[in-house]
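Visitor: Sending over a structure as structure tokens; questions will come in a sec.
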């Protein structure tokens, strides 16, 4: 199917992360290796860390004749490109919840990252896995496996990583830049939210709230506020960690993480959201206290259901 | 050599970490699999996280007839067992600085962790890599590679990890418990030291100080204070991160980490310490300000030397 395509638009999800961008740019490079034109289409401008690495591959401007989506579980996740969903010939994804909106779907929920599937596609197409392709795929795998720490990591993930790090010039520096290093302001923000974390249900639920006011105080751009979600579950005994963040329109984006048994996607489904069992998201309305109260109530229900 | 031994004492280094303990207990289990008695000898009692996992393997009390050391670069690191150094038949280690004190040495500096070498020894001896052995070796590898993020990680490291996670029942939970989860007090301590971090040389050097007073205030046991050392280098632009911690005798234990080019072992060598290029340690004397001043001066010299 890919061999038959020309002038390919690779669609990734809005609010892009390392896996959709790594997978998207790697697929572009793979398509170019077999003589096609390809470019990534993303509803939002990615964070600086990503554009530093990937913008160099944005070399071709053309009207796509075919569309492939990567790491996009449903049309609504395409953001401003959602109308293109019906034109998607192939969707490559690892979300079990994929709505099968594409003409053909390669959905493998056992894959830790969509990047794993793109790697296998590259091998299948006979593409030489260059440093650029390896770097993009490695970032994808790191992002979705939490640097090989999450339960979705499989032996295959490590075997692919073994191949990729042969090509990535300085994978340790990439790990550092993407996952360890933060600005002073960001460190201060993390300390501030950790120190002000609220606990419920005998410390089994912990909530971080980032209001527009707090964000303005730190002076950090919106994109620098990502990645706070894992913090609550890093506290001993916390099973459900919730991070709520005020959006420009006054609603709250909630990110739910669970430690060992609770189902984050079940909690978020109650608010029309979704995701995986250990990580999911949804949108809440009301002021901070109302938003927090409504999701904490849902978390309690999930705890009662599972324990 | 191992096949010819009986009643083996496996020596690990004082102030034990995941790699020496994981390697040590895995080697014991491997020796038992070929019909030998084996036990770990460690100068200090390991932290609770380790005893929870490993104490179940402390099943045999006997007077060792042979000694093997693992992850021990020099006799002085054996602590109260240092007199046994001359009885060590075999040393398995990955420190380039290994002083070759043993009768025979298997020292491979390219190995990310001593646990990699123990895995290869297990395979060589035909041992079935059981869940217990895999768990011990996996902890060793995670510890010394910073969960596959440090530059010492090699394709072989990932290939061995692919084998190990087939056997480790819940490797994600192990990652969580060992590397992500912390107590509320510990989180508060980390925030406190991060907020009070001092910067030098245009923010290229950052210093954390943990006095006995601060430790008493947090109410944390000594063992819970480990692992602060990576914090300073997580700040953008910091090349050398120093953590100094007051010991019971009033001297200061310094842990030096470097980000990308400075040599931590060169800095610590000036105070009679040592280690690796990215992580090293030494002991400092004087009050807090004097200790900090002396090591910061040495860090500046290293920055001037390398840039």
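What follows is calculated from the coordinates using simple rules that are stated; it is not laboratory data. None of these values were measured; they are calculated from a predicted model. Virtual Cβ from ideal backbone geometry, glycine too; neighbours counted across all protein chains shown.
Visitor: Is any residue of the stretch A:10-39 close enough, with backbone N under 17 Å, to a label point placed 7 angstrom from the Cα of residue A:120 along the Cα-Cβ axis, and if so, which?
Guide: A:23-24, A:27
Visitor: Can you tell me the 0 to 90 degree angle between the C-alpha axis of helix A:114-124 and the longest principal axis of chain A, rounded to 10?
Guide: Between helix and principal axis, roughly 10 degrees.
Visitor: Right, next: Considering every residue in B:148-158, what mean count of other chain Cβ atoms within 10 Å of its Cβ is obtained?
Guide: On the way: counts 12, 11, 4, 7, 1, 7, 3, 8, 1, 4, 11.
The mean count of partner-chain Cβ atoms within 10 Å per residue comes to 6.
Visitor: Could I ask something else about it? Would you mind checking the radius of gyration and Dmax of chain A based on alpha-carbon positions, in Å?
Guide: Cα radius of gyration and Dmax of chain A are 19.5, 59 Å respectively.
Visitor: I've got another one for you. Which whole number gives the average, over all residues in A:175-184, of C-beta atoms from other chains lying within 10 Å of the residue C-beta? Don't jump to the answer; show the numbers that get you there.
Guide: Working: counts 7, 8, 1, 1, 3, 7, 7, 3, 3, 9.
Counting other chains' Cβ atoms within 10 Å and averaging over A:175-184 gives 5.
Visitor: Give me the distance between the Cα centres of the stretch B:159-203 and the stretch A:273-307, rounded to whole Å.
Guide: Centre-to-centre (Cα) distance: 26 Å.
Visitor: Ordered by packing density, taken as the mean number of other Cβ atoms within 10 Å over each peptide's residues, highest first, how do A:155-163, A:14-22, A:51-59, B:280-288 rank? It would help to have the intermediate numbers written out before the result.
Guide: Details: A:155-163: 20.9, A:14-22: 23.8, A:51-59: 14.7, B:280-288: 17.4.
Ranking, from highest mean packing down: A:14-22, A:155-163, B:280-288, A:51-59.
Visitor: As an exercise, find the ratio Rg/Rh for the stretch B:257-307 from alpha-carbon atoms, using the Kirkwood inverse-distance average for Rh.
Guide: Values: Rg = 10.5 Å, Rh = 10.9 Å.
Taking Rh as the inverse mean 1/r over Cα pairs, Rg/Rh reads 0.96.
Visitor: Please report the projected area of the stretch B:1-127's Cα convex hull averaged over all directions, in nm².
Guide: Mean orientational projected area (the stretch B:1-127, Cα hull): 6.9 nm².
Visitor: Helix A:131-145 sits at what angle to the longest principal axis of chain A, using alpha carbons and giving 0 to 90 degrees rounded to 10?
Guide: The answer is roughly 30 degrees.
Visitor: Now a separate question. Can you tell me the orientation of helix A:18-33 relative to chain A, as the angle in degrees between its alpha-carbon axis and the longest Cα principal axis, to the nearest 10?
Guide: 0 degrees
Visitor: Then there is this: Provide, as a two-decimal number, the C-alpha radius of gyration of the stretch A:8-79 over 2.2 N^0.38 Å, N being how many residues it has. Before the final figure, lay out each step's value.
Guide: Details: Rg = 11.3 Å, N = 72, 2.2 N^0.38 = 11.2 Å.
Against the empirical 2.2 N^0.38 Å value, I get 1.01 for the stretch A:8-79.
Visitor: To continue, here is another question. Would you mind pulling out the separation of the Cα centroids of the stretch B:90-122 and the stretch B:20-54, in Å?
Guide: Between the Cα centre of the stretch B:90-122 and that of the stretch B:20-54, the gap is 16 Å.
Visitor: Hey, can you rank B:263-273, B:132-142 by average C-beta count inside 10 Å, highest first? Intermediate results must be reported in sequence, preceding the final value.
Guide: On the way: B:263-273: 19.4, B:132-142: 26.6.
Result, highest mean first: B:132-142, B:263-273.
Visitor: If you don't mind, there's one more thing I want to ask. In nm to one decimal, list the spacings between the residue A:173 label point and its equivalents in the other copies, with label points set 7 Å along Cα to Cβ, shortest first.
Guide: Here residue A:173 shows inter-copy label distances of 4.0 nm.
Visitor: Restricting to chain A, what percent of DSSP beta bridges are antiparallel, rounded to 5?
Guide: Roughly 45 percent of the DSSP beta bridges within chain A come out antiparallel.
Visitor: Run the helix sum for chain A: -39,500 (n - 2.57) per DSSP H stretch of 4+ residues, divided by residue count, reported at 222 nm to the nearest 500 deg cm²/dmol. Provide the component values of the computation, followed by the final result.
Guide: Working: 10 runs with 108 residues, N = 307.
My calculation for chain A gives -10500 deg cm²/dmol from helical runs alone.
Visitor: Here's a follow-up. Among DSSP bridges having both ends in the stretch A:150-301, what percentage is antiparallel? Round to the nearest 5.
Guide: Antiparallel: roughly 75 percent of the beta bridges in the stretch A:150-301.
Visitor: What shape does the stretch B:152-307 have by the C-alpha gyration tensor, where a ≥ b ≥ c are the square roots of the eigenvalues, rounded means a/c under 1.5, and otherwise prolate means a/b greater than b/c and oblate the rest?
Guide: Working: a/c = 2.00, a/b = 1.29, b/c = 1.55.
The shape class here is oblate.
Visitor: Taking the square root of 5 times each eigenvalue of the Cα gyration tensor, what semi-axes in Å does the equivalent ellipsoid of the protein assembly as shown have, largest first? Before the final figure, lay out each step's value.
Guide: Working: eigenvalues 355, 172, 120 Å².
Ellipsoid half-lengths, sorted descending, are 42, 29, 25 Å.
Visitor: Shifting gears a bit: Assuming 0.36 nm per residue, please report the length gained on full extension of the stretch residue A:45 to residue A:15 beyond their Cα-Cα distance. Intermediate values should be presented prior to the final figure.
Guide: Numbers: separation 30, 0.36 × 30 = 10.80 nm, distance 0.80 nm.
Using 0.36 nm per residue and subtracting the Cα-Cα distance, I get 10.0 nm.
Visitor: Where in the stretch A:237-272 does the label zone of residue A:213 land, with the point 7 angstrom along Cα→C-beta and an amide N cut-off under 17 Å?
Guide: Residues A:244-252 qualify, since their backbone N sits under 17 Å from the label point.
Visitor: Quick check for you: which residues of the stretch A:68-96 have the amide N under 20 Å from the point 7 Å beyond the Cα of residue A:103 toward its beta carbon?
Guide: Of the residues in the stretch A:68-96, A:68-76, A:78, A:81-93 have backbone N under 20 Å from the label point off residue A:103.
Visitor: What length, rounded to one decimal in nm, is gained on full extension from residue B:300 through to residue B:131, with 0.36 nm per residue of separation minus their alpha-carbon distance? Kindly include the intermediate steps, with their values, before the conclusion.
Guide: Working: separation 169, 0.36 × 169 = 60.84 nm, distance 4.68 nm.
Additional length available on full extension: 56.2 nm.
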